[in-house]
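Accompanying notes for the structure given below.
The values are calculated or read from the model by the stated rules, or taken from the named source; none is laboratory data. Just so it is clear, the model here is predicted, and its values are computed rather than measured. Cβ placement follows ideal geometry from the backbone for every residue including glycine, while neighbour counts extend to all protein chains displayed.
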Amino acid sequence: MASPLAAADPTAVFARRAIAAVIDGLVILIPTFLLLTASFEYLDVSALDRGADTFCTDYNDQHGGLCLNLAEVNDRVYFSEGPSGTTTAMYWGGTFALLVVLQGLTGRTAGKALTGVRTVGEDGAPPGLLKALLRWVLWTVDAFPYVVPLLGPIVALTTQGHRRVGDMVAKTYVVRANAAGAPIAVPGAAGSGAAAGTDGTASGIGATSGGPQWDAARSTYIQWDDSQRRWMQWNEAANAWTPIDGQ
């Protein structure tokens with residue numbers, strides 16, 4: 001596992017993250033589109049009693065389905081009454097499997113694996129199913145205004161830790177792959193460089209202050225463990241959190 005490093009921001013991966021999102025979208029949409037189009041019927045344009053554009057407009061008005069005018073490609077129009085239950089199940093099932101199950105258990109999706117980033121909790125471990133589910137549900141916020149997702153990318157670009165709304169609520173980060181497996185600390189974050197006290201405070205940071213903080217005096221990360229009511233430090237040799245001496 002990678003050791004915590006204060007020198008670089010492990011969350012500064014926005015470009016790779018955006019590419020990963022495109023790849024994941026294609027992984028989900030291409031099989032769905034192929035299944036959808038497999039159910040299409042077609043007519044040659046020469047067999048229509050009206051123009052191809054008019055036919056598609058009338059078909060959509062009457063059936064509420066899908067009509068593709070490919071007159072300039074192969075002189076045909078393709079039409080279907082809409083997505084089948086199988087197509088819908090493939091889309092939502094594939095989305096859930098990739099973004100919730102796979103990402104929750106491993107921190108990876110197809111896109112993240114290819115671009116070298118991971119989704120992790122504040123401790124650097126895979127986020128788990130509940131946090132991954134929460135991130136997925138909150139795409140309803142991050143995807144606003146929906147035609148082109150803007151809110152989430154803007155928030156991720158402009159906030160410390162490069163978290164979209166879903167990350168903030170779920171307490172997750174998207175980081176370089178080699179930063180996963182160890183506590184995540186963002187340079188310049190509140191509490192950075194704090195020294196631990198014996199009463200559950202650290203230079204004014206409360207015992208419930210949240211994630212790991214860099215302690216320059218110990219040259220490692222520290223964080224408050226509420227279950228043990230003591231401060232813990234990252235032990236690189238043991239690759240684990242251990243109580244701070246004297247606590």
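Figures for the structure shown
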item: Total residues in region 138-167, condition over 15 Å from P10 (Cα atoms) and free of Cβ contacts under 8 Å to residues at least 12 places away in the same chain; result: 11
item: Unmet requirement for G124, which otherwise passes all of (1) outside any helix (DSSP H, G or I); (2) without any contact (Cβ under 8 Å) to a residue 60 or more places away in the chain; result: (2)
item: Elements of type helices (runs of 4 or more DSSP H) in region 48-102, at least 3 residues being within 33 Å of the chain's Cα centre (by Cα) and modelled with pLDDT of 90 or more; result: 85-96
item: Positions within region 212-247 being over 29 Å from the mean Cα position of the chain (by Cα) and aromatic (F, W, Y), in sequence order; result: W231
item: Conditions (1) touching a Leu at 6+ places or on another chain (Cβ under 7 Å); (2) closer than 30 Å to R118 by Cβ: number failed by G25; result: (1)
item: Selected residue (criterion: modelled with the lowest pLDDT) from residues of region 13-42 that are within 17 Å of G82 (Cα to Cα) and outside any helix (DSSP H, G or I); result: S39
item: Matching entry among A190, A207, A185, A195 (being within 20 Å of D9 (Cα to Cα), more than 19 Å from the chain's Cα centre (by Cα) and either at pLDDT below 75 or in a loop (DSSP other than H, G, I, E, B) (or both)); result: A190
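For (1) surrounded by 14 or more Cβ atoms within 10 Å (Cβ to Cβ); (2) outside the structural domain of A18 (by TED's automatic domain parsing), each residue gets a yes or a no:
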{"position": "D49", "(1), (2)": "no, yes"}
{"position": "T54", "(1), (2)": "no, yes"}
{"position": "T57", "(1), (2)": "yes, yes"}
{"position": "A71", "(1), (2)": "yes, yes"}
{"position": "G94", "(1), (2)": "yes, no"}
{"position": "T109", "(1), (2)": "yes, no"}
{"position": "L114", "(1), (2)": "yes, no"}
{"position": "V117", "(1), (2)": "yes, no"}
